[in-house]
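Peer 1: Below you'll find the structure I mean.
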Amino acid sequence: MSRATRWVALATAIAAIVSLAVAITTPAHSGPNCRNGCVTYPYTDAAAFVPRDYL
């Protein structure tokens, strides 16, 4: 296995760990775990949580 392959594998693992940490610590906007500012059915206010750049 080459050095470049090892660095790519390490970078991928680090990116996965960071993504998992961000996903776990992001508060829920709907559902049973939502504390305040919840989006309720029919979820018309969900667009407020999507950045304009994504759209």
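The values are calculated or read from the model by the stated rules, or taken from the named source; none is laboratory data. All figures in this text were calculated on a predicted structure; none of them were measured in a lab. Cβ coordinates were reconstructed from backbone atoms using ideal geometry, including for glycine residues, and neighbour counts include every protein chain displayed.
Peer 1: A21 - would you say it is hydrophobic (A, V, I, L, M, F, W, C), over 16 Å from the mean Cα position of the chain (by Cα) and modelled with pLDDT of 85 or more? Reasoning before the result, please.
Peer 2: Working: hydrophobic (A, V, I, L, M, F, W, C): yes; over 16 Å from the mean Cα position of the chain (by Cα): no; modelled with pLDDT of 85 or more: yes.
So A21 fails the test.
Conditions tested, residue by residue: (1) at negative phi; (2) of a type in the set (F, W, Y); (3) not in a helix (DSSP H, G or I).
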| site | (1), (2), (3) |
| --- | --- |
| A13 | yes, no, no |
| V22 | yes, no, no |
| N36 | yes, no, yes |
| Y41 | yes, yes, yes |
| A47 | yes, no, no |
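Peer 1: List the residue pairs whose Cβ atoms are under 8 Å apart, where the first residue sits in the stretch 2-28 and is free of Cβ contacts under 8 Å to residues at least 60 places away in the same chain, the second is among the hydrophobic types (A, V, I, L, M, F, W, C), and the two are 6 or more positions apart or on different chains.
Peer 2: Short answer, once both residue conditions are applied: P27/C34; A28/C34.
Peer 1: In the stretch 17-31, how many residues are farther than 15 Å from A48 by Cβ, of a type in the set (S, T, N, Q) and surrounded by 10 or more Cβ atoms within 10 Å (Cβ to Cβ)?
Peer 2: 1
Peer 1: Let me ask something additional. Right, R35: exposed (fewer than 10 other Cβ atoms within 10 Å of the Cβ), basic (K, R) and out of contact with any Leu (no Cβ under 8 Å at 6 or more places or on another chain) or not?
Peer 2: On the way: exposed (fewer than 10 other Cβ atoms within 10 Å of the Cβ): yes; basic (K, R): yes; out of contact with any Leu (no Cβ under 8 Å at 6 or more places or on another chain): yes.
Here the answer is yes, as R35 does meet what is asked.
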